[in-house]
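Okay, structure first, notes after.
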Amino acid sequence: MKEVPHVIGIDLGKSVFQVHAVDETGRVIARRRLRRHEVMTFLGRYPSTIVALEACATSHFWAREIGTLGHEVRMIAPQYARAYVKTNKNDAADAEAICEAAMRPTMRFVRPKSADQQAMQMLHRARDLLIRQRTMLVNALRGHLAEFGVTAGSGIGNVKNLLVKFDDTRDKLPKLASDVIDALTRRLADLQNEIEALDEKMLLWHRSSAASSRLAEIPGVGPVIATALVAKVGDASQFASARHFAAWLGLVPRGSGTGGKIRLGSITKRGDGYLRRLIIHGARAVLRWIGRRTDASSAWLRRLLERRPVNVAVTAYAHKIARIAWAMLSRKEPYRSALVVA
């Protein structure tokens, strides 16, 4: 009779996958390498069991595919699985470590993302890439034109003034220099059109998502942050509390201590750096308009600014945004703003 595994650990690869299967006592049942097209056939031979994967590239796709076979998929963050590698790192050792980590009763697991969530994450990554390319082009334009005495104020808003000055002095520049600037300008215009097209798609997705629309009611949160939160997190109930969610974003102080003495330092900056950066920028935008706001959060921020530096206040409000977002996503509630009573 064919032995039925209790946990199957899979180390994912591009074309070759390593499998490590154990029974309920931890005894090894199978160790083998599979080609990509063999994975689903191999897993389809067994009834419903636990399949453990490392949360890495392509893991969410495989989690959805394996879930259709009736298996329970457990995805483990790489830093948690790494601790169970007993020997030198290789595919077989990684698969065994994933399998062993999945059996731990206190292990934390990553919830698989839907195809729609991954599509929105792809849009965010592509948009961020295009914006970085736009910044590189603008810096190149500024540097090249400065060599010929053509300058303008900093910021993306002053690029138009820079190009107007270039047109005014075009006759004084060598034709080769003008041709180079024209090539960069055309590429900059193309990039700007592509970024705006992605922004329109993001806005449409935002309006069609109830969770994203609710999140945009939080001061400092717009469609970009709201869609990023829904795409990256989805159901926030996978986090035990609002503080756990803020810690996952790296917005809590780094604690270090012994003998009952705890010292708090700067924020940990763990988790998704892109999402944390967006939330920090959203919090900074709120501080710019704090004098015109009368809600409780703004009053709290004004009191905080009286005794702490601006950057500390920005981070503190970003932490508050994360906690509010957790409550709204996990409880599916609208934003409730407490007004200051005069």
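What follows draws every value from the coordinates through simple rules; no lab data is involved. Small disclaimer: the values here were computed from a predicted structure and weren't measured. In this analysis, Cβ positions are derived from the backbone assuming ideal geometry, glycine residues included, and neighbour counts consider all displayed protein chains.
Annotations
- Using R0 = 51 Å, the C-beta based FRET efficiency linking LYS261 and ASP116 works out to 0.60.
- Positive minus negative residues near ALA211 (Lys, Arg vs Asp, Glu; Cβ under 15 Å): +3
- For ASP168 and ASP190, the FRET efficiency from 1/(1 + (r/R0)^6), where r spans their Cβ atoms and R0 equals 22 Å, is about 0.40.
- Per-residue Cβ neighbour rank within 10 angstrom, fewest leading, PHE239, PHE61: PHE61, PHE239
- Taking θ as phi - 60° and the Karplus parameters 6.51, -1.76 and 1.60, the scalar couplings of the range 69-86 work out to 7, x, 7, 8, 9, 10, 9, 10, 4, x, 5, 7, 6, 4, 5, 9, 6, 8 Hz in sequence order, x denoting glycine and proline.
- Residue-by-residue Karplus 3J(HN,Hα) for the range 303-313, coefficients 6.51, -1.76, 1.60, Hz, glycine and proline x: 5, 5, 5, 5, 10, 10, x, 4, 5, 5, 5
- In order along the range 230-243, the Karplus-derived 3J(HN,Hα) couplings, from 6.51 cos²θ - 1.76 cosθ + 1.60 at θ = phi - 60°, round to 5, 5, 7, 9, x, 8, 6, 5, 5, 9, 5, 7, 5, 5 Hz, and Gly and Pro are given as x.
- Backbone amide hydrogens, once placed in the peptide plane, bring ILE76 within less than 5 Å of LEU53, GLU54, ALA55, VAL110, excluding anything fewer than 5 places away on its chain.
- GNM top mover of GLY44, GLY26, GLY149 - the chain, alpha-carbon springs below 10 Å: GLY149
- Pairwise centroid distance, computed over Cα atoms, of the range 1-63 with the range 172-204, Å: 48
- An oblate overall shape is assigned to the range 212-331, the ratio a/c of its alpha-carbon gyration tensor axes (a ≥ b ≥ c) being 1.5 or greater and a/b not exceeding b/c.
- Reported label for calculated semi-axes √(5λ) of the Cα gyration tensor in Å given (i) 70, 22, 15; (ii) 45, 30, 20; (iii) 42, 27, 19: (ii)
- Links that overshoot a 23 Å alpha carbon limit, given the list LYS113/LYS332; LYS14/LYS113; LYS232/LYS269; LYS86/LYS232; LYS14/LYS89: LYS86/LYS232
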